[in-house]
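What follows is a set of notes on a single structure, which appears directly below.
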Amino acid sequence: MTQNDIARLAAERPDFAAIAAWIPRGASVLDLGCGDGSLLRYLRETRAVRGYGVEINDLDIVSCIANGVNVIHDDLESGLSDFEDGSFDFVILSQTLQATRHTEALIREMLRVGREGIVSFPNFGYWRNRLGVLRGNMPVSSELPYQWYDTPNVHLCTLHDFESFCRNHNVAVLERRVMTGEREVSMLPNLLGSTAVYRFQRGL
Amino acid sequence: MNNSVGIVSAQRAQFDTPLVFRSGAALSRYELVYETYGELNADKSNAILVCHALSGHHHVAGYYADDTGNIGWWDNMIGPGKPVDTNKFFVIGLNNLGGCHGSTGPSSIDPETGQPYGANFPVITVEDWVASQARLADLLGIRQFAAVIGGSLGGMQALQWSLSYPERVRHVLAIACAPYLTAENIAFNDVARSAILGDPDFHGGNFYQHNVVPTHGLRLARMLGHITYLSGDVMADKFGRELRGGKFNYGYGIEFEVESYLRYQGDKFAAYFDANTYLLMTKALDYFNPAHDFGGDLNRAFARAKADFLVISFTTDWRFSPERAREIVRPLLHNRRNVSYAEITSAHGHDSFLMEQAHYFDVVRAYLDNVAKESAR
């Protein structure tokens, strides 16, 4: 991976840099729904992580292998039974949370396997999404590129929704970053932020 | 022939240093037949060893000048531009010790007695095979394989390489494989062996002297094995309930197409395969269990492995199911080895590993392309 590739990835996926900023060098990382392995590659190059991805899509699995990324073919919906308790420093679910069916069970599994969890997801409370709904249509944007009839997203949520989920499920949020594009959003994040990234651990 | 390694010829290596087996038995000298494809690079870092399964042999790719129809058993996988690319790798196929395709085996002459070994041929384990393969590697000057590849029983040998010689293999490709056989699998092998052992022409393994072959038993063994290599879906698809004569004959002759197919396969196999080799191979399968010396703990067994791994399974393989392949993956994760695992959707059961399929081949190609880059460095 060249410096150009890293810069390109960082521009395409602003959540990558946000995630990387939380991960110390040499950490162990499990990336759930790792796609073509871009995030793991990015983390390997920028943070020297020891990582594995979990993916179910055949083409993505080939891409991961071509990218030199360890990938385990598995269905996240059936749990993470191949992975031992506490075997990773971080378990990441990047832009996948909203497409999982058994979301609650998966977050629990993330915190069984990992010391900390990291999720990123499109904020459905972002003003453009609200405006779309107000106009009477399901929003379509770069973060939510699908039409209502072909979307894999079954569990869209807002920042408020996710945080109340965490409170109700004994999940302790350690850090949050909210962004629109590459720009950090600090004011009215649930309205002005298009993407959210959370770092969390099991509550006491 | 397209993308073929072309004309190949078998070579023969002789070993005069005694090889002591896991059982305690020994062979004072033995021969291995093998074939090679592609060029060994200057630092001898691009060699791939292909280990064969129960009925396989050294003729893995290409064809013979005097027998152009005799194409290697994994020719679809191995050749110039193929997933195991002979433009990049030096590929070795051999016939395992105890085999019946030219390497020293039960039908070879025992120098002590001047008679075929027969029942006296030592029972061989996967560990013993790997030890004999390492001697072949020594002979060819290969200190470390870029990869050891195998399907089924061949996959077990590939796994064993990472345990017997952790420093001598950089990558292991274990395909349609399991870390050990289940009781059900051993049971199938036992029925197959019983068919051979109970054949009156078997003569306790010394049938060569009687100029007979336990064809009946070998044929039954193969018929049973063959059923377990296919999937129910494929059999239903291929044969269904088709009748050869179109009607019931109310007798015990061959009526259903599937009967005709199985008997044909059994006859074909019994005509060339050695019954003692079949017994040896199934026994090696039964004994294989890296956890055996570690209190049944695969995590501890794989602690000494240093290779990177690619594990591949096929959805309809019920002899070595995807669930069993995951039993290989888990101890590798436990020991923090680099490992990738792909589950290939395929209708062809255990035999899928021998068949060309886009996703399967893409996975192997992508993996070995990176191995080649590392060998070229």
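The values are calculated or read from the model by the stated rules, or taken from the named source; none is laboratory data. Please read these numbers as outputs of a predicted model, since none were measured by experiment. Here Cβ is always computed from backbone atoms with ideal geometry, including for glycine, and neighbour counts include all displayed protein chains. What goes into the accessible areas is simple: the full protein's heavy atoms, side chains included, and nothing from ligands, DNA or RNA. Shrake-Rupley method; radii C 1.70, N 1.55, O 1.52, S 1.80 Å.
Gain on full extension, evaluated as 0.36 nm per residue between B:Ile71 and B:Ile109 minus their Cα-Cα distance, stands at 10.9 nm.
Suppose accessible area is computed on protein heavy atoms with a 1.4 Å probe; arrange B:Tyr250, B:Tyr360, B:Tyr367, B:Tyr287 from highest to lowest.
B:Tyr250, B:Tyr287, B:Tyr367, B:Tyr360
With the convex hull constructed from alpha-carbon coordinates only, the range B:85-197 shows a mean projected area of 8.8 nm² over all directions. Per-residue mean of foreign Cβ neighbours for B:334-345 is 5 (Cβ atoms of other chains, 10 Å radius). With protein chains left intact and a 1.4 Å probe, residues in the range B:37-142 average 32 Å² of accessible area per residue. For chain B, a/c is less than 1.5, where a ≥ b ≥ c are the root eigenvalues of the C-alpha gyration tensor. That puts it in the rounded class. Debye-formula intensities of the range B:18-77, expressed as log10 I(q)/I(0) at q = 0.22, 0.24 Å⁻¹, are -1.00, -1.05 (one equal scatterer per alpha-carbon, no solvent). Accessible surface area normalised per residue over the range B:155-307 is 46 Å², counting heavy atoms of protein chains with a 1.4 Å rolling probe. For B:Ala347 and A:Leu191, the FRET efficiency from 1/(1 + (r/R0)^6), where r spans their Cβ atoms and R0 equals 45 Å, is about 0.30. In the complete set of protein chains, residue-level accessible area for A:Glu143 is approximately 60 Å², probe 1.4 angstrom.
Would you work out the charge dipole size for the protein assembly as shown about its Cα centre, treating the Cβ of every Lys and Arg as +1 and the Cβ of every Asp and Glu as -1, and quote it to the nearest 20 debye?
Result for the protein assembly as shown is approximately 1320 debye, rounded to the nearest 20.
Within the range B:303-332, the residues that become at least 20 Å² less accessible when every protein chain is included than when their own chain is isolated (1.4 Å probe; DNA, RNA and ligands ignored) are B:Arg326, B:Arg330. Shown for the range B:254-377: the carbon plus sulfur share of the solvent-accessible area, taken with all protein chains present and a 1.4 angstrom probe, equals 50%. Probing with 1.4 Å while keeping every protein chain in the model, the per residue accessible area of the range A:79-204 equals 52 Å². Per residue, the average separation of C-alpha pairs within less than 8 Å and at least 6 apart gives the range B:37-95 a relative contact order of 49 percent. Relative contact order of the range B:106-264: 15 percent, from C-alpha pairs under 8 Å at least 6 residues apart in sequence. Taking 18 Å as the limit for the C-alpha separation, the pairs B:Lys82/B:Lys238; B:Lys82/B:Lys268; B:Lys44/B:Lys373 exceed it in the case of B:Lys82/B:Lys238; B:Lys82/B:Lys268.
When the solvent-accessible area of the range A:144-204 is split by element, carbon and sulfur atoms take up 53 percent of it, the probe being 1.4 Å.
Over the protein assembly as shown, the ratio between the Cα radius of gyration and 2.2 N^0.38 Å evaluates to 1.12.
With all protein chains present and a 1.4 Å probe, how do B:His57, B:His226 order by accessible area, largest first?
These residues rank, largest area first, as B:His57, B:His226.
Largest first and in whole Å, the equivalent-ellipsoid semi-axes of chain A read 25, 20, 18, each the square root of five times a Cα gyration tensor eigenvalue.
Answer rounded, prolate or oblate for the range B:141-229, using the Cα gyration tensor with square roots of eigenvalues a ≥ b ≥ c: rounded when a/c is under 1.5, else prolate when a/b is larger than b/c, else oblate. Note, shape of the range B:141-229 comes out prolate. Look at the stretch A:70-82: the mean tally of other chain Cβ atoms within 10 Å of its residues' Cβ atoms is 4.
Taking a Cβ cut-off of under 12 Å around B:Cys177, the surrounding Lys, Arg, Asp and Glu residues balance to a net charge of +1, with basic ones at +1 and acidic ones at -1.
Between A:Phe165 and B:Ser9, the FRET efficiency estimated from the beta carbon spacing at R0 = 56 angstrom works out to 0.25.
Dipole magnitude for chain B: computed about the Cα centre from +1 point charges on Lys and Arg Cβ and -1 point charges on Asp and Glu Cβ, it is near 760 debye.
Applying 1/(1 + (r/R0)^6) with r as the Cβ-Cβ distance of B:Asn87 and B:Leu197 and R0 = 41 angstrom yields a FRET efficiency of 0.30.
Among rounded, prolate and oblate, which fits the range B:59-111 when a ≥ b ≥ c are the square roots of the eigenvalues of its C-alpha gyration tensor, a/c under 1.5 means rounded, and a/b larger than b/c means prolate? Prolate, since a/c reaches 1.5 and a/b exceeds b/c. Mean sequence separation of contacting Cα pairs (under 8 Å, at least six apart), scaled by the length of chain A, corresponds to a relative contact order of 18 percent. When Rg and the Kirkwood Rh are both derived from Cα coordinates, the Rg/Rh ratio for the range A:68-146 amounts to 1.09.
Tell me: how much accessible area in total is hidden between A and B, 1.4 Å probe, Å², nearest 100?
When A and B are taken together, about 1700 Å² of accessible area is lost.
Straight-line cross-link reach from B:Lys283 at under 15 Å between alpha-carbon atoms covers these aspartates and glutamates, not counting any fewer than eight positions away in the same chain: B:Glu127, B:Asp128, B:Glu184, B:Asp190, B:Asp274. Within the accessible area of the range B:77-223, the carbon and sulfur atoms contribute 54%, probe 1.4 Å, all protein chains present.
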